[in-house]
Structures are given as structure tokens and as C-alpha cells.
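One structure is given below, encoded as C-alpha cells.
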Amino acid sequence: MDEKKRVREEVLRRRDALSAQIRARKSLEICLRLERLIAECLSTDPASEEAISHTDAKHASGSPGACFDKPCIAVFSAMRSEVDLSAFVQAAHTRAWSVCFPCMLREAADQPARMALYRVTRAQLDRARTTFLDHPLRCLTPATLERNGFEAVHPNKLDVVAVPLVAFDGQGNRLGYGGGNYDRLLPNLRADALVVGVAFSEQRVEVVPCEPHDQPLPLIISA
């Protein structure tokens with residue numbers, strides 16, 4: 001655990017040191033590659049499997065995921081110096097793809113917080129920003145989100161999940177923030193869901209310290 005903390009602090013310092021201009025340029029490149037990857041999965045062209053070559057995940061194997069008609073995609077709202085997926089969200093809405101964001105929920109004051117996913121349409125983006133996207137650690141009740149018109153999405157309805165991370169290595173091992181939210185989400189996805197880590201190349205390390213229960217990501221896009 002001490003090694004995870006050390007790596008997390010070191011990589012976060014590195015990521016935070018990137019200028020806003022560099023983060024914006026790299027984020028846009030990642031957004032374009034993520035859009036292309038999903039579009040290729042939608043294609044009936046057998047070349048869709050070549051999408052793997054667009055990532056830094058040399059450990060990837062098999063096809064990048066099942067084909068789907070209009071995918072339901074889980075993204076995230078950038079916190080601190082994370083990859084900004086705003087350009088991808090805009091492109092996804094233009095393509096009529098369904099976009100979901102995580103929100104922290106707490107049923108009651110004495111209950112632990114948990115992460116859930118909510119669909120956000122293009123028309124709902126501004127309301128979503130003020131309600132929870134601009135406050136990623138704010139805990140809300142499901143009733144509050146329902147009153148604001150946001151629909152919960154079960155993990156088994158997700159076709160694609162873009163996963164945030166702190167650090168990654170060449171084997172696809174991921175180091176998160178330590179909250180375990182995605183560790184709990186990923187096992188509940190369908191087997192054919194496309195799971196893609198997104199990060200800046202500066203977040204890559206030689207080896208991510210892992211525990212026996214940690215599972216590597218099949219794909220990681222970095223720039």
C-alpha cells in the first residue's frame with residue numbers, strides 16, 4: 001500500500017505539472033482516438049480490429065469489443081488535471097450516441113457513498129454541470145437526480161466505459177485514486193463491453209504495484 005501511495009503521489013505531481021495548453025492538446029488527441037475506436041467497432045469492416053493499434057496498450061488481445069448499433073458510453077468529468085473528454089462528449093452527442101457520467105450517491109447520511117452512472121443528453125449538459133459534473137465528489141440522493149431529469153443506467157447497459165486513472169504500465173495495470181469505484185463497476189459490466197483507460201503518456205510508469213485482485217485494462221489510450 002505504501003508503494004501505491006508513493007507512485008500515486010509521484011504521477012499526480014507529474015500530471016499536475018503539465019501546462020493547460022499541453023493538457024488541452026493531448027486531451028483532444030485522446031478524444032479523437034477514442035471516437036475513432038468506437039466508430040470502428042460500429043463498422044462492419046473487419047478492419048475494426050485494427051483499432052487496437054491506435055492505443056498504447058500493446059498487451060491488448062482479441063477484438064476491441066462487440067459491435068453495437070448506438071452505443072451507451074460511460075465517460076467522466078475531468079477532475080483536477082485529468083484528461084478532458086469534453087470534445088469526445090460533443091462528438092458522441094453529434095453521432096446520437098448515449099453518454100453517461102458517474103455521480104456519487106448516498107441514500108442516507110449514515111450510509112456509505114457509492115458511484116452510479118446517469119445518462120446526460122446534450123440538452124441536459126448545463127444542468128448536469130451545476131448538479132454534479134462540476135462537483136465530482138459531491139454526494140447526492142437518487143431522488144435529487146431523478147427530480148432533475150437524470151436517468152440512472154445499470155452497468156449491464158453500458159457498451160463502452162472510458163476509465164480514468166492515475167498511473168498505468170505496459171501490461172495494462174491501472175492505479176486509481178484508491179476509492180475502489182471502478183474496481184466495483186468493471187466486474188458488473190457485460191463481457192462484451194469495451195473498456196478503455198484514458199491517460200496522458202506522462203502517467204505511464206515502469207510497473208504499477210498490484211494486488212492479487214487487481215485486473216489489468218484491455219486497452220489504454222494515451223497521448
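The values are calculated or read from the model by the stated rules, or taken from the named source; none is laboratory data. Fair warning: this is a prediction, and the values are worked out from it, not measured in the lab. Ideal geometry is used to build each Cβ from the backbone, glycine not excepted, and the neighbour counts take in all protein chains shown. The protein model used for the area step is the full one, side chains on, heavy atoms only, and it has no ligands, DNA or RNA in it. Shrake-Rupley method; radii C 1.70, N 1.55, O 1.52, S 1.80 Å.
Has segment 196-214 got any residue that is open to solvent by less than 10 Å² (accessible area, probe 1.4 Å), part of a loop (DSSP other than H, G, I, E, B) and within 19 Å of Ala92 (Cβ to Cβ)?
Taking every residue of segment 196-214 in turn, none turns out to be open to solvent by less than 10 Å² (accessible area, probe 1.4 Å), part of a loop (DSSP other than H, G, I, E, B) and within 19 Å of Ala92 (Cβ to Cβ).
List the pairs whose first member sits in segment 12-26 and is closer than 11 Å to Val166 by Cβ, whose second member is in a helix (DSSP H, G or I) and open to solvent by less than 40 Å² (accessible area, probe 1.4 Å), and whose Cβ atoms are under 9 Å apart, counting only residues at least 6 apart or on separate chains?
Once the first residue is closer than 11 Å to Val166 by Cβ and sits in segment 12-26, its partners that are in a helix (DSSP H, G or I) and open to solvent by less than 40 Å² (accessible area, probe 1.4 Å) give Leu12/Gln203; Arg14/Gln203; Arg15/Gln203.
Quick check on segment 150-157. Is at least one of its residues outside any helix (DSSP H, G or I), modelled with pLDDT of 95 or more and under 16 Å from the mean Cα position of the chain (by Cα)?
Going residue by residue through segment 150-157, those that are outside any helix (DSSP H, G or I) are 150-154.
Right, trim to modelled with pLDDT of 95 or more and you get 150-154.
Those still in the list that are under 16 Å from the mean Cα position of the chain (by Cα) too: 153-154.
Yes, segment 150-157 has at least one match.
Restricting attention to segment 76-120, and to residues there that are among the charged types (D, E, K, R) and over 25 Å from Phe200 (Cα atoms), which single residue is most open to solvent (accessible area, probe 1.4 Å)?
Asp110
Which pairs do you get when a residue that is within 19 Å of Asp16 (Cα to Cα), found in segment 196-223, comes within reach of a residue that is aromatic (Phe, Trp, Tyr) and part of a loop (DSSP other than H, G, I, E, B), reach meaning Cβ atoms under 9 angstrom, with the pair 6+ apart or on two chains?
What qualifies is Val198/Phe76; Ser222/Phe200; Ala223/Phe200.
In segment 1-19, what residues are at pLDDT below 95 and either crowded, with 16+ Cβ neighbours inside 10 Å or in contact with a Cys (Cβ under 8 Å, 6 or more places away or on another chain) (or both)?
Lys4 - this is the single residue of segment 1-19 that is at pLDDT below 95 and either crowded, with 16+ Cβ neighbours inside 10 Å or in contact with a Cys (Cβ under 8 Å, 6 or more places away or on another chain) (or both).
Give Leu158, Leu185, Leu133, Leu145 a once-over and let me know the one that is open to solvent by less than 20 Å² (accessible area, probe 1.4 Å), touching a residue at least 40 places away in the same chain (Cβ under 8 Å) and more than 25 Å from Ile30 (Cβ to Cβ).
Leu145
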